[in-house]
Amino acid sequence: VTSVAGEVFFIFSTTFPERWVISVFSTVFSNSFVIICFHFLYRYIAVCRPPHLPTFRKWWCVALLFCIFIAESIVWFTLVYVFLETDLDTFVQMYSHLSQDYPYLTAHSAATSHYWVKVLGIVILCGAQIYRSLDGKIASDKAIAMQRQLYYTLLAQFCVPFFMMYLPVLVAIVPPLLGIYLSFPDRLLPTMFSVFPSLDALVIMLGVQEYRCEINHVF
């Protein structure tokens, strides 16, 4: 359950084991931007540095990206598991609010994005360079059109999790840290998290013309 009560932002789970469930879900939650960052790097190399594309596909480069992904997951899991452990006294103080707003407890979780500065920097720099290269590159109209579709689809894939997952959590976390009273509808954050996977798939299916044509043939 993820919610804001007054000046308190809290996350908890009633499943067993609670501490592991929250830590694992928060780790998975943090992985989205890392994967999107890899997508932007690949698209940057494919559009702006085509001669280096074979290097990106070599086994050691794939292994390096995989190690970065695993390292980020381990760091985030450790931070949540060690430093965000549920405090019994605090939970007892919040019990009246929890029992009132959550008569039927479910397992939801959220986490902040501690790596936003680096990831957003890579996304912005690569995105701007890709856009400039698409405008100045000499290639066939069909190739340019395909690269533009992939570029805009990638931007949409970045915006969907940002506005559906990360920004709402950021807005929920910052006011309590500043001592600002703020209360969200109880089911708002879990609902937005649940909608995200379907929207992410729709971005791919609707963003690329070939996919849209295949969908039209099916239906």
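Sorting I68, I130 on the 10 Å Cβ count, fewest up front, what's the list?
Fewest to most other Cβ atoms nearby, the residues stand as I68, I130.
Would you mind calculating the gained length between F83 and T191 on full extension (0.36 nm times residue separation, minus the Cα-Cα distance), in nm to one decimal?
36.2 nm
If you stretched the chain out fully between A63 and R49, how much longer would it get, using 0.36 nm times the residue separation minus the C-alpha to C-alpha distance?
Stretched out fully, the A63 to R49 stretch lengthens by 3.0 nm.
Most exposed first by the Cβ proxy, i.e. fewest other Cβ within 10 Å, how do Y151, Y131 rank?
Y131, Y151
What length, rounded to one decimal in nm, is gained on full extension from I35 through to L199, with 0.36 nm per residue of separation minus their alpha-carbon distance?
Net length gain for the segment: 57.4 nm.
How would F196, F25 line up from fewest to most surrounding beta-carbon atoms within 10 angstrom?
Ascending number of Cβ neighbours within 10 Å: F196, F25.
Values in this text are rule-based calculations from the coordinates and carry no lab data. No experiment lies behind these values; they were computed from the predicted model shown. Cβ coordinates were reconstructed from backbone atoms using ideal geometry, including for glycine residues, and neighbour counts include every protein chain displayed.
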